[in-house]
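The values are calculated or read from the model by the stated rules, or taken from the named source; none is laboratory data. Owing to the predicted nature of the structure, the values given are computational and were not obtained by experimental measurement. All Cβ positions, glycine included, derive from the backbone under ideal geometry; neighbour counts span all protein chains shown.
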Amino acid sequence: MIDIQLLRKDADAVARRLATRGPGAFDAEQFRRFEDARKNLQTAVEQAQAARNRIAKDIGLAKARGHDVSELLAQAEKLKSLLEQSEDQLARLQAGFQDFLARIPNLPHESVPVGEGAEQNREERRFGEPRRFDFQALDHVDVGERLGGLDFATAAKLAGSRFVVMRGAVARLHRAIAQFMLDVHTREHGYTETYAPYMVSAACADGVSSFAKFKDDLFKIEDRDLYLIPTAEYPVTNYVREEIVPLERLPLKYACYSPCFRSEAGSAGKDTRGMIRNHQFDKVELVQIVHPEQSYAAHDELTGHAEAILRKLELPYRVVTLSTGDLGFAAAKTYDLEVWLPGQNAYREISSCSNFEAFQARRMQARFRNDKGRPELVHTLNGSGLAVGRTLVAILENYQQRDGSVVIPSALRGYLGGQERISP
């Protein structure tokens, strides 16, 4: 959530910056209408409270002197009714105001390129050269089905579209990828492995994003205030919700392996083939809770940790900075890692690494005690380290061979008993 004092100081400046995200991000006039109404109602409540207190005092004095207080009691009753009405109106207004504020996206960092969408994303660097095949490269669907390891037909029979069944060596490879990622991040990058619930409450979901805006993207548990997580960011970032973290404990760094569940409500017709955009997929999520002065150094560090996985797997990739129009709701700045997929002849996202600054912390009231002993909002960051299914996709496509086999990257062979290749 944006600092309301920033809005009160210069709503038009905030509106201009948020307009770079696209139309409708922030309505400065609506904000001012809310503010004016709040001030007027707040004044009315305070005046009614003051009048009630005066009459209560007058009633006490009148009783002490033996005077008739019936008229004062009648005035007090009218004031009580007026105060209750004003307080009720103020409460309803405050609820609407909070809902309005909760739907405002984060301010893009000044270093974020201005643009309408992905076309204006800025490429920062590349690693590796896409492999040149001396045969027609297949996509992961054809590669995996020929190996007998990916079965979309059975998955559709079980749960409908956008699911996959894995078998045999491909299923083991998928599991090995997740274990490899966790080992690298905990042993080399200093993250604490954590296991979190696969469901969260609406309040937790609202802590990391706008539940009101994006609840249709979540799968709800019927008759319960519980939602399947779209990423482990949801439970793990909420570890510090309504907490004051001691300064000496910062930074907190967590790595969490979990399944992720997404309705893909806004992606009808996109990536319907294969594993790129499924309702269920696995991911190793990296979360950092840091001192505000360290958040952009931490952002670069976290992105480098995700990159390290791709480098160890020798998968070609590039890093792009998302433009204002492509930026996620809560992010101030995001780097996307895009891995090369020869089956699509394109770079595709495999990780998003974002700095949310104090935006999520303000929603969650997640704070630390600074060196003066005063509570201050932490900064939160997260990124995929990586999406396990998309990493499997990248391996199947980049390491495929003419005979239909797939070479296992050397970094993973120790997790598969030294196996070097998966063959049909």
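Values as computed for the structure displayed
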{"read-out": "Condition check for Ser161: touching a helix residue (DSSP H, G or I) at 6+ places or on another chain (Cβ under 7 Å), modelled with pLDDT under 95 and either outside the structural domain of Ile350 (by TED's automatic domain parsing) or not acidic (Asp, Glu) (or both)", "value": "no"}
{"read-out": "Yes/no for Ala308 being at pLDDT 95 or above and under 30 Å from Leu150 (Cα atoms)", "value": "yes"}
{"read-out": "Qualifying residue in the range 34-47 (condition: within 30 Å of Gly207 (Cβ to Cβ), at pLDDT 85 or above and either more than 44 Å from the chain's Cα centre (by Cα) or aromatic (Phe, Trp, Tyr) (or both))", "value": "yes"}
{"read-out": "Matching option when the condition is touching a residue at least 12 places away in the same chain (Cβ under 8 Å), charged (D, E, K, R) and either under 26 Å from Arg362 (Cβ atoms) or touching an Asp or Glu at 6+ places or on another chain (Cβ under 7 Å) (or both), among Arg52, Arg17", "value": "Arg17"}
{"read-out": "Residue among Lys157, Lys215 that is basic (Lys, Arg) and closer than 30 Å to Asp3 by Cβ", "value": "Lys215"}
{"read-out": "Residue match in the range 281-301 (condition: modelled with pLDDT under 95 and within 30 Å of Ala346 (Cα to Cα))", "value": "no"}
{"read-out": "Residue count for the range 293-346, restricted to those that are among the polar types (S, T, N, Q) and touching a Cys at 6+ places or on another chain (Cβ under 9 Å)", "value": "2"}
{"read-out": "Answer residue from the range 366-424, given it is among the small types (Gly, Ala, Ser) and under 21 Å from Arg273 (Cβ atoms) and is nearest to the chain's Cα centre (by Cα) among those", "value": "Ala387"}
{"read-out": "Number of the condition not met by Tyr257 [criteria: (1) closer than 27 Å to Gln344 by Cβ; (2) in a helix (DSSP H, G or I)]", "value": "(2)"}
{"read-out": "Test for Leu150: is it more than 21 Å from Ser351 (Cα to Cα) and either in contact with a His (Cβ under 6 Å, 6 or more places away or on another chain) or among the hydroxyl-bearing types (Ser, Thr, Tyr) (or both)", "value": "no"}
{"read-out": "Top-ranked residue of the range 187-197 - restricted to ones that are surrounded by fewer than 16 Cβ atoms within 10 Å (Cβ to Cβ) and more than 20 Å from the chain's Cα centre (by Cα), ranked as farthest from Ser410 (Cα to Cα)", "value": "Gly190"}
{"read-out": "Residues located in the range 374-419, provided they are exposed (fewer than 15 other Cβ atoms within 10 Å of the Cβ) and of a type outside the set (Val, Ile, Thr)", "value": "Arg374, Pro375, Gln401, Arg402, Asp403, Gly404, Ser410, Gly414, Gly417, Gly418"}
{"read-out": "Pick from the range 161-175, criterion assigned to a helix (DSSP H, G or I) and under 26 Å from the mean Cα position of the chain (by Cα), ranking: farthest from Thr391 (Cα to Cα)", "value": "Arg175"}
{"read-out": "Test: Val184 is farther than 16 Å from Asn238 by Cα, buried (at least 16 other Cβ atoms within 10 Å of the Cβ) and of a type in the set (Val, Ile, Thr)", "value": "yes"}
{"read-out": "Qualifying strands (runs of 3 or more DSSP E) (wholly inside the range 320-424; at least 3 residues being touching a Lys or Arg at 6+ places or on another chain (Cβ under 9 Å) and assigned by TED's automatic domain parsing to the domain that holds His279)", "value": "333-341, 346-355, 375-377, 379-387"}
{"read-out": "Only listed residue being of a type in the set (Val, Ile, Thr), over 24 Å from His279 (Cα atoms) and crowded, with 18+ Cβ neighbours inside 10 Å, chosen from Val236, Val200, Val208, Val245", "value": "Val245"}
{"read-out": "Selection within the range 151-181 - over 17 Å from Arg421 (Cβ atoms), crowded, with 19+ Cβ neighbours inside 10 Å and in contact (Cβ under 8 Å) with a residue 24 or more places away in the chain", "value": "Phe152, Arg162, Val164, Ala178, Phe180, Met181"}
